[in-house]
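Remarks on the structure that follows.
All of the numbers you see were taken from the coordinates with simple rules; none came from a lab. From a predicted model like this one, the values you see are computed outputs, not experimental measurements. No Cβ is skipped: glycine too gets one built from the backbone with ideal geometry, and neighbour counts run over all protein chains shown.
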Amino acid sequence: MINKIELKILKIGHFCLVFGLFFAVFTSARAQNTDTKKPNVIYLNVDDLGYGDTGVYGATKVTTPNIDKLASQSMRFTDAHTVSAVCTPSRYAFVTGEYPVRANNLSSAIFDRDSLLMDEDTFTVADVFKEQGYATGIVGKWHLGFGTKRPVDWNAELKPGPLELGFDSYFGVPVLNSHPPFVYVKDHHVVGLEKDDPFVWGEDAHTRPYPEKWNRGNQKIGGADKAHELYVDNMVGTTLKDSAVAFIKKHKSTPFFLYFATTNIHHPFTPAKRFLGESEAGRYGDSIEELDWIVGEITKTLEEQGIADNTILILTSDNGGMLNRGGQDAYKMEHHMNGDLFGFKFDAWEGGHRIPFMVRWPGKVKPGSVSDRLISSNVDMLATFAALFDRKLKKGEGVDSYNVLPIFLGETDKEIRPEMLIAPNDLTNIGLRQDQWMYISAQGGGGFNAKMRGLHDFGGAAATVFTGEKNSDIEGGKIKADAPPAQLYNVGDDPTEKVNVYNEHPEIVKEMKNRIEEIRKADHTRPDY
C-alpha cells in the first residue's frame, strides 16, 4: 500500500517530470525561434542615383564614406538593372513584381492629377511581409497615384493608396520633390491640411521657387498654405530620414519591412544648408553627400537598436542619373553620374537603367563580395523576398519577378534570370537584354532629346557633343543617315555601347525583336508555375 506521504511524493515527482518536459520543449522552441528569427528588411530606393554617383562605383568628385562602408559589408552588383529608366514605372515594378509595360504600357512619370495605378487586390511586395506578420511601412516618395478618380481630390481622403496595398503606414512626398503638391502625406491625409484652407487647382503655391521646380500647366495647384508651410525644401531629406529612423525604433522588437524611398538625389537639388559646397560637383554632388549622411543615420540606428545583424539592408536606385541642369553642371565639373556608361535617365542605353545595387545581411551574405550576375533591382525583389519564407508565388503574383536569393547567399554562380525587358520613356525604343546582348528596337535612346545645353530635357544624340560619349550611330550630335534602324550591343565586351553590331547579327536581331512582342503579349514570363 502507498501511504499518503508517498502518494504526495509521487504526485510531486510527476508534476516535476511534466514541468521539466514542458520547460525543455519550451526552451528548445524558444532557442529554435531565436535561430530562425525572421529578418527585418529595409529596401532603400534612392531617386536618380547613377551607376557612377558613389565612391565605391568610381566617383571622385563626391565623398560617400557611409555608402562605401555599407558596400564593404555587402554583396555589390555590377550588372543590376531597373526594368524602367523612369521613376513611376520603376516603382510600379518594385511594388508589383510586374513589368510596367503590362500596366497600360506604363513608361512615363505620373503627376498630381493621376489616380492609383494598380487595383487594390494586386498582390504586392508589402503583402509578402504582411502574410508573415511583419509591420510594413513606406517612408518617402510614393509616386504611384491616389484614389480612383482623376484629377485627385487632394482635399479628401487619399484612398486607395499605400495602405490599401499592404502597407501599415505611410509618410512622405506624394508625387516628387520637383512637382506639386509640395506637401507631406501621412497615411490617407495631407499633413496640416485644414478645411478653411483647401487646395485650389490653378493657383500658385506659396513655396520657395527653385530652378527645376515645377508648378505649371494643368499640374498647377495652390492654396493649402498651412500644409505647404510644413514642407521646407532643404529639410525634406532630414524629415524623411527622421521618419525612417522613428519607424525602425518603433518596430525594433518585431519583424518589419521598411520601403524607404528617398527624394535625394532628384532635382531641384535642395540639400540641407550644411551640405552646400561640401562636394566638388555642385548641388548635384551636395545632394549625394546628404544622401550618404542619411544612409549613415540608418545604419547607425540599426546598430544602436541592436538589430543590425538581423536586418537585410538593400541600397539601390530607381533609374540612372539624369543630365538635367544640375546634372550638366556636375558633368562639367567632371562628375560622370553614370560612370562610363552611355546615356542617362529615360534612355534604353545602359546609363538609363544599370544602377548601383548592394545587399547586406550579416552572417548570410558574404561581405565585400562582388557579383556580375544579371538581376533586376526592382521587379525581382518580390519573388526574392517571398523566398525568404519559402512562399511560392501563385499564378498572377509577381509575374515577371525572379528569385535571386540564391545569388545573394552565394548558393549559385549561375545566371538565374534568362532575360530582362527594359523600358525607356519612349516605348518605340524598348530594350531586351539576353546574356551579353542588348537589343534596342529603334534608333536613339528613347529618352530626352532637347538639343540645347542648359535645357532640363537635354539629351539623346545631341548631348554627346557636350559629354564626349562615343557611339557608332552618332556623329556631330546627330544620328547618322546610314545608321541601322535599331541597335544591338554586346555589353559583355562593349558595356559602354560604343559599337552597334545590328548589321553583323541579323539572326539575333530577329529573335530578340520577336521575343519582345512575345513578352509583352504573354500573361506571364516566369517559367515556374
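Assorted remarks:
- Taken one residue at a time, the phi angles of the stretch 71-85 give Karplus couplings (6.51, -1.76, 1.60, θ = phi - 60°) of 4, 5, 9, 10, 8, 10, 9, 10, 9, 9, 9, 7, 8, 9, 8 Hz. Gly and Pro are set to x.
- Taking 0.36 nm per residue of separation and subtracting the current Cα-Cα distance, fully stretching the chain between VAL499 and MET333 would add 57.1 nm.
- SER369/ALA481 FRET efficiency (R0 51 Å; Cβ-Cβ; nearest 0.05): 0.60
- Sparse packing (at most 13 other Cβ atoms within 10 Å of the Cβ) combined with a DSSP loop state is found for the following trypsin sites (Lys or Arg not before Pro) in the stretch 345-439: LYS392, LYS394, LYS395, LYS414.
- For the stretch 113-121, the Karplus equation 6.51 cos²θ - 1.76 cosθ + 1.60, evaluated at θ = phi - 60°, returns couplings of 8, 8, 7, 4, 7, 10, 6, 5, 8 Hz by residue, with Gly and Pro reported as x.
- Modelled this way, with points 7 Å down the Cα-to-C-beta line, the labels at ASP390 and THR78 are 3.6 nm from one another.
- In degrees, nearest ten, helix 506-521 long axis to first principal axis of the chain (Cα): 60 degrees
- Note on GLU280 and GLU517: the extension gain reaches 80.8 nm, defined as 0.36 nm multiplied by sequence separation minus the Cα-Cα distance.
- Looking at the stretch 427-521 alone, DSSP beta bridges between its own residues are antiparallel in about 90 percent of cases.
- Relative to the longest principal axis of the Cα atoms of the chain, the long axis of helix 282-304 makes an angle of roughly 10 degrees.
- Aspartates and glutamates whose Cα lies under 15 Å from that of LYS250, excluding same-chain neighbours fewer than 8 positions away: ASP168, ASP242, GLU303, GLU304
- Prolate/oblate/rounded call for the chain, Cα gyration tensor, a/c under 1.5 rounded: prolate
- Exceeding the 22 Å Cα-Cα cut-off - candidates LYS395/LYS521; LYS38/LYS69; LYS498/LYS521; LYS195/LYS241; LYS273/LYS451: LYS38/LYS69; LYS498/LYS521; LYS195/LYS241; LYS273/LYS451
- GLU120-ASP196 FRET efficiency (beta carbon distance; Förster radius 25 Å; 0.05 resolution): 0.20
- Beta bridges by DSSP in the stretch 38-412, antiparallel share as percent, to the nearest 5: 40 percent
- Amide H contacts of HIS353 (H built 1.01 Å from N, under 5 Å, at least 5 apart or other chain): GLY320
- Couplings 3J(HN,Hα) for the stretch 401-412, derived from phi with the Karplus relation 6.51 cos²θ - 1.76 cosθ + 1.60 (θ = phi - 60°), are 9, 10, 7, 9, 4, x, 6, 3, 7, x, 8, 8 Hz, where x marks Gly and Pro.
- Cβ charges +1 (Lys, Arg) and -1 (Asp, Glu), total dipole of the stretch 223-311, debye: 340 debye
- In the chain, helices alone account for a calculated mean residue ellipticity at 222 nm of -8500 deg cm²/dmol, with every DSSP H run of four or more residues adding -39,500 (n - 2.57).
- In degrees, nearest ten, helix 236-250 long axis to first principal axis of the chain (Cα): 20 degrees
- Charge-dipole axis of the stretch 39-83 as Lys and Arg at +1 and Asp and Glu at -1 on Cβ define it, positive-most pick from ALA59, GLN73, ASN40: GLN73
- Difference of contour (0.36 nm per residue) and Cα-Cα distance, HIS189 to ASN105: 27.3 nm
- Selection of GluC sites (Glu not before Pro), the stretch 118-177, meeting DSSP coil and at most 15 other Cβ within 10 Å: GLU120, GLU131, GLU157
- Peptides ranked, highest mean first, by Cβ atoms within 10 Å: ranges 330-341, 495-506: 330-341, 495-506
- A simple packing score, the average count of other Cβ atoms within 10 Å per residue, orders the peptides 246-257, 63-74, 86-97 as 86-97, 63-74, 246-257, with the highest score first.
- Trypsin sites (Lys or Arg not before Pro) restricted to DSSP loop in the stretch 155-239 with at most 11 other C-beta within 10 Å: LYS195, ARG216
- Between PRO151, PHE385, GLN436, the Cα set farthest toward the positive side of the dipole of the chain (charges on each charged residue's Cβ, about the Cα centre) is that of PHE385.
- Dipole moment magnitude, nearest 20 debye, the chain about Cα centre, only Lys, Arg, Asp, Glu C-beta charged: 1340 debye
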